[in-house]
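A quick write-up on the structure given underneath.
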4 protein chains.
Amino acid sequence: MTNNEPKLTKKQIAILEAATDLFAEKGYAGTSTSEIANKAEVAEGTIFKHFKSKKGLLLAVVSPMMVKWLAPMIKKDLNKVLDQEFEYIQDFIRAMIENRKEFIQKNLPMLKILVQEIPFHPDLKEKFIEYVGNDIFDKLREIVKYYQDKGQLADMKTDTIIRTVATSILSYIVARYVFLPEANWDDEEVETERIIQILESGIIQNK
Amino acid sequence: MTNNEPKLTKKQIAILEAATDLFAEKGYAGTSTSEIANKAEVAEGTIFKHFKSKKGLLLAVVSPMMVKWLAPMIKKDLNKVLDQEFEYIQDFIRAMIENRKEFIQKNLPMLKILVQEIPFHPDLKEKFIEYVGNDIFDKLREIVKYYQDKGQLADMKTDTIIRTVATSILSYIVARYVFLPEANWDDEEVETERIIQILESGIIQNK
Amino acid sequence: MTNNEPKLTKKQIAILEAATDLFAEKGYAGTSTSEIANKAEVAEGTIFKHFKSKKGLLLAVVSPMMVKWLAPMIKKDLNKVLDQEFEYIQDFIRAMIENRKEFIQKNLPMLKILVQEIPFHPDLKEKFIEYVGNDIFDKLREIVKYYQDKGQLADMKTDTIIRTVATSILSYIVARYVFLPEANWDDEEVETERIIQILESGIIQNK
Amino acid sequence: MTNNEPKLTKKQIAILEAATDLFAEKGYAGTSTSEIANKAEVAEGTIFKHFKSKKGLLLAVVSPMMVKWLAPMIKKDLNKVLDQEFEYIQDFIRAMIENRKEFIQKNLPMLKILVQEIPFHPDLKEKFIEYVGNDIFDKLREIVKYYQDKGQLADMKTDTIIRTVATSILSYIVARYVFLPEANWDDEEVETERIIQILESGIIQNK
DNA sequence: GATGAATGAGTCTTCATTCAT
DNA sequence: GATGAATGAAGACTCATTCAT
């Protein structure tokens, strides 16, 4: 967890970047390794030297996103919560969205790949669950509990609350960045506040 | 609704069903025409006799869903709205979800295909917009206006309201039926009410 | 040989005409039976009812040309020669070209097919030789002999003379109608005379 | 002439040779790429690695013939003409036939392919015209003019003379090597002299 | 006689993967 | 490590031919 980034060579980075772009644009099954080699300006064989198979390349593209994005997202913010840095849950949600904004935009293709390919790759799904399901979900439950105890969250089932918040956020991200990127959206801050406002008057007990 | 389905033969239906299942399961690009032929128990050539190309088959799978589901969904309910059958917007939303429930479950694979393939097929997107964007969106705007005038909807931008309601519903459908079908969900009625409740306290002005 | 044209039905004629056009335009191997059916406005099965196979259709297209064109060409003119109607060989050659002109132009596609497909179909070649080699060639030899005896033809080998005349005529036809139809050629009469003139001062002894 | 053949590998040569033989024997449309692969003893994929498509292979087979045969044929001999090496046009024609004899025999299949496929491939025709029509035709006109000025050629239209000589030569080549290779021809020298003799007494003014 | 749906072998082409250099 | 030529299985698609209606 400390230094798992084992010094990628220039070629490896080029391959990963090319693969990320192409997988996001045309899907995993719709992208050929020769296209990737071409875009990365390496020989086709080089890809297989570093990532044993095409599937291995997909995992290499998608894994760091799970490790670097989802895990830290919770770990960091959870600590802040417990350190009393977020008195109100609104602040926690806002932070979760705000802090990742940059990362989301930079890694949008990876996210797109993740969302699009998970249904077709059981092993991807497993890996995803391995990180999110068991590790993060537990911590999210702690957080929900924390705010429920503070009286800031409705007394619904924990999982329902998590689901509601998660889908509120994800639906916005998916809609804005994956399905309708060309629609004229409001500023991100405005949309963020709208999500919070909706959640606030909805499942969040004010007072 | 009367006779637009120009008598599909048994084989055509078998092909469409096999294609629908396989596209949903493994994605369009990940499914081979020989697999489809195999599952439909027809010769591979038969597929191409009826649907000029693999892409043509995809459109044949997905088009009726747009024509039969989305268009009627609005047309019928819009009339009911204007006929004063839905005094409260909650009833309208409930009806939209309730009425389609059966159709959604029956045509879930199609919906899954639509959601998953739209990003990769500009022509699919166009066809989708052709049905939803220009025809249906306009009518949705009318409905929103109608309830805004009645004071039942917040005074936000029309499009924002539509988006919020739509993503609330879609996020539930996608989460429940596409991404996490094996999670233990509450009864559909309960979830439906939850959506309405969230929307109610959120963007819907009570009183 | 008397009435071998066994009353062709309308559909049969349509098929033969469509096949002739398409074979000439795209070659035998490059034309599909469905294209032919399409152009002839009959069902694909109908083609096979009448002409057992695609190859059978080719033979049906090409055979009459050999029977109707080459055989009569000689028979008729040979008689005229022997009836003293052509005192000079020039008249005989001129007649051969003149008389067939209409037929050539009307049946150009068939001729094109014959020339183009003979190298690929041993049975076609055999059929051709059956008509030309054994039947016609013998009669041509008679004619050459006849004019050689009259002192109008050089004392070369009979076959060489036939070859020379034949290639002179054929090279003109092939060049004009098959390879370079769009070049600006002189009137047919002028070209005909040119062929004769060249043959005249070449292999034909004047006086 | 020095290094335009950019080092063909053994496999590429094997493919080109197999394709040349098969195209000549069965025609382009009548030959399958798997047959070619088989004969060349390479994998089918290898063909497409080197020649992007079947059509590309056809061009690769036929192009060098145009570049190496037709262009040099004229260029070399034209210079000799202008260098006064051929005082009489007979010598020029004889040289044209003689010098190429070896090449013709070695590349007969290619020539056969060229003749047979040009009618079906507009792009082949264009390429052919590009080399023969504009480059060589002009030079041929110069040569004709040259000998007309010397009084050795009849005062006909330049193009007619070229056509006559060309068809005289081509008809002989096509007849001897393409259509009737098994007929008992005289020695090549004898036939060559015959062509010249016919042309001589025909269009060539013997002072 | 005529149809056209159905077939499955065969076509051209692409692809992930390997391996000698 | 890096290459890219080579592979052959698999892909989408076409075709001549058959047969029940």
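The values are calculated or read from the model by the stated rules, or taken from the named source; none is laboratory data. The shown structure was predicted, so the numbers you read here are calculated from the model rather than taken from an experiment. Note: ideal-geometry Cβ built from the backbone for every residue, glycine included; neighbour counts use all protein chains shown. Calculation scope for accessible area: heavy atoms of the full protein, side chains included, ligands and nucleic acids excluded. Shrake-Rupley method; radii C 1.70, N 1.55, O 1.52, S 1.80 Å.
Taking first residues from segment A:43-60 that are within 25 Å of A:Lys112 (Cα to Cα) and partners that are acidic (Asp, Glu) and open to solvent by less than 40 Å² (accessible area, probe 1.4 Å), the Cβ contacts under 9 Å between residues at least 6 apart in sequence or on separate chains come to A:Leu58/A:Glu117. Within segment D:104-145, the residues that satisfy the criterion of being open to solvent by 50 Å² or more (accessible area, probe 1.4 Å) and farther than 15 Å from D:Leu59 by Cα are D:Gln105, D:Lys106, D:Asn134, D:Asp135, D:Phe137, D:Asp138, D:Lys139, D:Arg141, D:Glu142, D:Lys145. The residue of segment D:170-184 that is nearest to C:Val165 (Cα to Cα), among those that are of a type in the set (A, V, I, L, M) and facing chain C (nearest Cβ under 10 Å), is D:Ala175. Going through segment C:23-49 one residue at a time, which ones are part of a helix (DSSP H, G or I), near DNA strand F (Cβ under 10 Å from one of its atoms), open to solvent by less than 20 Å² (accessible area, probe 1.4 Å) and within 14 Å of another protein chain (Cβ to nearest Cβ)? Answer for segment C:23-49, where residues must be part of a helix (DSSP H, G or I), near DNA strand F (Cβ under 10 Å from one of its atoms), open to solvent by less than 20 Å² (accessible area, probe 1.4 Å) and within 14 Å of another protein chain (Cβ to nearest Cβ): just C:Ala37.
When you scan segment C:184-207, how many residues do you find that are at pLDDT 75 or above and in contact with a helix residue (DSSP H, G or I) (Cβ under 9 Å, 6 or more places away or on another chain)?
First pass over segment C:184-207, keeping only residues at pLDDT 75 or above: C:184-200.
Filter again for in contact with a helix residue (DSSP H, G or I) (Cβ under 9 Å, 6 or more places away or on another chain), leaving C:184-186, C:188-189, C:191-200.
The qualifying residues number 15.
Pairing each residue of segment C:11-23 that is within 14 Å of DNA strand E (Cβ to nearest atom) with any residue that is of a type in the set (Gly, Ala, Ser), provided the two are 6+ apart or on different chains, yields C-beta distances under 6 Å for C:Ala14/C:Ala40; C:Ile15/C:Ala40; C:Ala18/C:Ala40. Within segment D:101-123, residues that are away from every other protein chain (no Cβ under 14 Å) and assigned to a helix (DSSP H, G or I) have Cβ atoms under 8 Å from residues that are hydroxyl-bearing (Ser, Thr, Tyr) and buried (at least 18 other Cβ atoms within 10 Å of the Cβ) in these pairs: D:Met110/D:Thr20, counting only partners at least 6 apart in sequence or on another chain.
Taking the condition farther than 21 Å from D:Arg176 by Cβ, part of a helix (DSSP H, G or I) and open to solvent by 60 Å² or more (accessible area, probe 1.4 Å), does C:Lys80 pass?
Working: farther than 21 Å from D:Arg176 by Cβ: yes; part of a helix (DSSP H, G or I): yes; open to solvent by 60 Å² or more (accessible area, probe 1.4 Å): yes.
Judged against the criteria, C:Lys80 is a match.
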